[in-house]
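Peer 1: So that we are looking at the same thing, I have put the structure below in structure tokens.
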Amino acid sequence: MASEKGIWKVITASSVGTLIEWYDFYIFGSLAIIISEKFFPAENPTTAFLATLATFAAGFIVRPFGALLFGRLGDMVGRKYTFLLTLIIMGGSTFLIGCIPSYETFHFAPYLILILRLLQGLALGGEYGGAATYVAEHVSTKKRGYYTSWIQTTATLGLFVSLIVIITTQNSLSKEDFNNWGWRLPFLLSIILVFISVFIRLKMKESPLFDKLKTEGKISSNPLKESFGKKQNLKMVLLALFGATMGQGVIWYTGQFYTQTFLLKVCNLNPTQTNTWLCIALLFATPFFIFFGWLSDKIGRKTIILTGMFLAVILYRPVFSKLYSLTNIVNKEEVSSNIQVNKLAHATAAKTNDSIIIKTTKIIYTDSSKAVQEEKYFSSDLQIGNNKPHEHKTQITLSDSYKWKVIGLIFILVFFVTMVYGPIAALLVEMFPTKIRYTSMSLPYHIGNGVFGGLVPFIATLITVTPGSNILSGLWYPIGVGAVCFVIGLIYLSNKKNTLIHDDESNYADNQISKN
Amino acid sequence: MNHLKKYAGLVWIILSIAAITLLCYAAYTNIAAHGKHDINKPLPWIIIITVFTPVAFGLGIFGYYALKNEYKQ
């Protein structure tokens, strides 16, 4: 085991790199709307938005493949060099996204963006398992939950840093400059962060447990075959997925991403206000990752993870419903409104003499909240008596009196995330032997988070346009997956703590199966 | 508890088959030639069904192992 000082070096080197990888991954999602405008041209903004979400999901779907590719490498070559490689691939891809000209001048741009996004997904698939394994293999058994929980904070802090960088860039530039070129800055910044992290990681030594295996010549010659070809190990991979990471993944993405999508697209809340309030909630919730990691060393991983899952399943609808009612202008009383009409020249192949009429209505409510409603009409449509707007947008800016109510509700959603996510690295590490740990824990983690979790915004958006659905219908997906995972975890998972991690395969399967 | 673990395996097998059947049925009823929403387009459904089929198969295997008492302690 490493000394206390040495452990913090290990945690810092692993966490900084993982944080940067998450930052790289999130800025694409956070800038999804502008990326869809720049690279995925479409007349219908919803289609463009979903096209980006699909690309976003593609980034998540390839993560399990990254887990297999880099997990195998990590179990054969070593943890240190594998997660150095993933960091370089991730940073390079992010930097290049910031360099690609928009579709207007470069028609091949969407394909390049898709390829780079897939590379990002592959790299992320290899990073997390390496970092968690590397830290876990350095620390003592009794504090494994506490120390590995520092790695768990990086995903939320990565989102936090990405939002801070985006908000700062937006506030430092005019709206036009940000839309024209400023959105590229968060991507370009990545290369500097990656250089710093690679420099720190190069100075680190290989994991002591892996080194021991290497010295003894016990390294797996085929980690994929050993992980998924042997029933003894495959059944644990399946238990890890369906009894833990599947539910953890949907709760994580619902808390951090669907909340943002919900506030922006369903509640029509001002993007700066949404991101600022989300940042504050993330900041307050982050210490709870460490707390629940520490607590899992005392009372077991299962108890905390399943309690978080249960709370999320029963409280999602009331919390999201409250968020919607706070932002719903139907519940507000109008004080004044100001209507402005602009006529813009517009030429299309079909309507060469047509023009667009934009009607902007600015409304102030009794609680000092404001709304801007923008309706676009074609003059030719109005001439034939069609008064239906071609496009309708609303943006709400809530008064400061709502600030802590909304932040409190977002905090509750992220709090569930800290319960299910804080102890998960320790739980996964303890399920598999050293020689195939990187491969075996990475796959269920990335199927749970990448496939089940990553598709939350996409599937929830699809459900909400199903006939008969309402604004909360999208939540049935994370609630359903979370509920099934809770039941499987409750029946089959063990609540063992202080499990020894070593290279003896015989005890692993039995260690994590419930004895009750 | 071991009995519950074993017989719940049947539930996971049924659930895996039901999930894929439900997805295919939902795709069949929602895909429309002139539909305006994304839910009416085949692409999102192809992505979702392709991704979830192997996962549902995995749930079936998990159920089978449970039924075979592989998770008995």
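Just so you know, all these numbers are worked out from the coordinates, no wet-lab data involved. Just so it is clear, the model here is predicted, and its values are computed rather than measured. Cβ coordinates were reconstructed from backbone atoms using ideal geometry, including for glycine residues, and neighbour counts include every protein chain displayed.
Peer 1: What is the helix-to-structure angle for A:63-76, meaning the angle in degrees between its Cα long axis and the longest Cα principal axis of chain A, kept from 0 to 90 and rounded to the nearest 10?
Peer 2: In chain A, helix A:63-76 runs at an angle near 30 degrees to the longest axis.
Peer 1: Follow-up question, since we're still on this one. Give me A:C485, A:C267, B:C24 ranked fewest to most by other Cβ atoms within 10 Å of their Cβ, as a rough exposure proxy.
Peer 2: By the 10 Å Cβ count, ascending, the order reads B:C24, A:C267, A:C485.
Peer 1: Taking Cα atoms, how many degrees apart are the long axis of helix B:2-30 and the longest axis of chain B, rounded to 10 and kept between 0 and 90?
Peer 2: Compared with the principal axis, the helix lies near 10 degrees.
Peer 1: Over all directions, average the projected area of the Cα convex hull of region A:50-173 and note it in nm².
Peer 2: With every direction weighted equally, the projected area is 9.5 nm².
Peer 1: Rg and Dmax of region A:250-339 over Cα atoms: what are they, in angstrom?
Peer 2: For region A:250-339, the Cα-based Rg and Dmax read 17.0, 61 Å.
Peer 1: Here's another thing I want to ask about it. Ranked by Cβ crowding within 10 angstrom, fewest neighbours first, how are A:S442, A:S494, A:S469 ordered?
Peer 2: Least to most surrounded, the residues fall as A:S469, A:S494, A:S442.
Peer 1: Here's another thing I want to ask about it. Give the longest segment of chain A that steers clear of GluC sites (Glu not before Pro) in DSSP loops with at most 13 neighbouring Cβ atoms within 10 Å, not counting the sites themselves.
Peer 2: A:334-516
Peer 1: Send over the per residue convex hull volume for region A:178-245, Cα only, as a whole number of Å³.
Peer 2: Measuring per residue, one finds 193 Å³ for the Cα hull of region A:178-245.
Peer 1: State, in angstrom, two size descriptors of region A:196-330 derived from its alpha carbons: Rg to one decimal place and Dmax to the nearest whole number.
Peer 2: 21.2, 70
Peer 1: Let me ask another. How big is D, in µm² s⁻¹, for region A:342-483 by Stokes-Einstein at 25 °C and 0.890 mPa s if Rh is the Kirkwood radius over C-alpha pairs?
Peer 2: 120
Peer 1: Under 1.5 on a/c is rounded, so check that first for region A:378-437, then, if it is not, pick prolate when a/b is larger than b/c and oblate when it is not; a ≥ b ≥ c are the square roots of the alpha carbon gyration tensor eigenvalues.
Peer 2: Oblate shape, in that a/c is at least 1.5 and b/c is the bigger or equal ratio.
Peer 1: Something else: How large is Rg over Rh for chain A, taking Rg from the Cα atoms and Rh as the Kirkwood inverse mean of 1/r across Cα pairs?
Peer 2: Value, to two decimals: 1.01.
Peer 1: As a test of the formula, what do you get for the protein assembly as shown when each DSSP H run with n ≥ 4 contributes -39,500 (n - 2.57) and the sum is divided by the residue count, at 222 nm and rounded to the nearest 500 deg cm²/dmol?
Peer 2: Taking each H run of at least 4 residues, the total per residue is -21000 deg cm²/dmol.
Peer 1: Longer than 32 Å from Cα to Cα, which of A:K143/A:K403; A:K38/A:K80; A:K435/B:K5; A:K80/A:K496; A:K80/B:K68 are they? Say none if no pair is.
Peer 2: Beyond 32 Å between Cα atoms: A:K143/A:K403; A:K38/A:K80; A:K80/B:K68.
Peer 1: Going by how many other beta carbons lie within 10 Å of each one, how would you line up A:S227, A:S102, A:S15, fewest first?
Peer 2: Lowest count first: A:S102, A:S15, A:S227.
Peer 1: Let me know the longest stretch in chain A that avoids all chymotrypsin sites (Phe, Trp or Tyr not before Pro) found in a DSSP loop with at most 15 other C-beta atoms within 10 Å.
Peer 2: Counting at most 15 other Cβ atoms within 10 Å as exposed, the longest clean stretch of chain A is A:182-516.
Peer 1: Within chain A, which is the longest segment containing none of the trypsin sites (Lys or Arg not before Pro) that sit in a DSSP loop and have at most 16 other Cβ atoms within 10 Å?
Peer 2: The answer is A:1-202.
Peer 1: Would you mind giving the three semi-axes, in whole Å and largest first, of the ellipsoid equivalent to region A:400-471 according to its Cα gyration tensor?
Peer 2: They are 33, 21, 7 Å, listed from largest to smallest.
Peer 1: Per residue, what volume in Å³ does the convex hull of the Cα atoms of region A:115-215 enclose?
Peer 2: Dividing the Cα hull volume of region A:115-215 by its residues yields 124 Å³.
Peer 1: Quick one: work out Rg over Rh on the C-alpha atoms of chain B, Rh as Kirkwood radius.
Peer 2: 1.20
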